[in-house]
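Reviewing the structure listed below.
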Amino acid sequence: MRISFLFAAPFLCLPAFFLAALSFSLGSAEPATAQSAGADSEYGVLVDKPGVDLTHAYCAACHSERLVAQQGMTRKRWDELFEWMVEEQGMSEIEEPDRTIVLDYLAENYNTDRPNFPY
C-alpha cells in the first residue's frame, strides 16, 4: 500500500514546525536585557553609547538598526562594508569626522565578540 505524497507532505513538515515553535517559546522565556528593553528607545535596539546618534542616523536611513545590531565585525570589516555599500548599493560616502565616529561606535559595540547582541 502506497501513501500519497500529497497526504504525507503536511506531516513531514510537523517536526520543523515544532522545532520552530519550541525555539520561539524558549527565546521569549529569556529575561529582558538592557538591549531588548532598549527597543523602545529612539535608537531602537542599538546600545546607547557615544556615537549611537550618528550611527542610527546613517544606518537606519536605509535599513533597520536590527540588521546592524545582529552583526559582529572588526573595525576593518565594518570599513570594508561601508565601501561595499557605497560601490554596490549606492550609499553616499560618510564624510569625516562622522565616518570615524560611526566606525568607532560599531567597532566598540558590535565587534566580533558581539557584546551587545540583542537576541
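Worth a mention:
- Of all residues in the range 80-111, exactly one satisfies the criterion of being part of a loop (DSSP other than H, G, I, E, B), farther than 13 Å from residue 55 by Cα and among the aliphatic types (A, V, I, L, M), namely 91.
- Residue 63 vs. criteria in contact with a Phe, Trp or Tyr (Cβ under 7 Å, 6 or more places away or on another chain), at pLDDT 90 or above and not acidic (Asp, Glu): no
- Scanning the range 48-101 for residues that are exposed (fewer than 12 other Cβ atoms within 10 Å of the Cβ) and of a type in the set (Phe, Trp, Tyr) yields a single hit, 84.
The values are calculated or read from the model by the stated rules, or taken from the named source; none is laboratory data. Please read these numbers as outputs of a predicted model, since none were measured by experiment. Cβ atoms come from the backbone with ideal geometry, glycine included; neighbour counts cover every protein chain shown.
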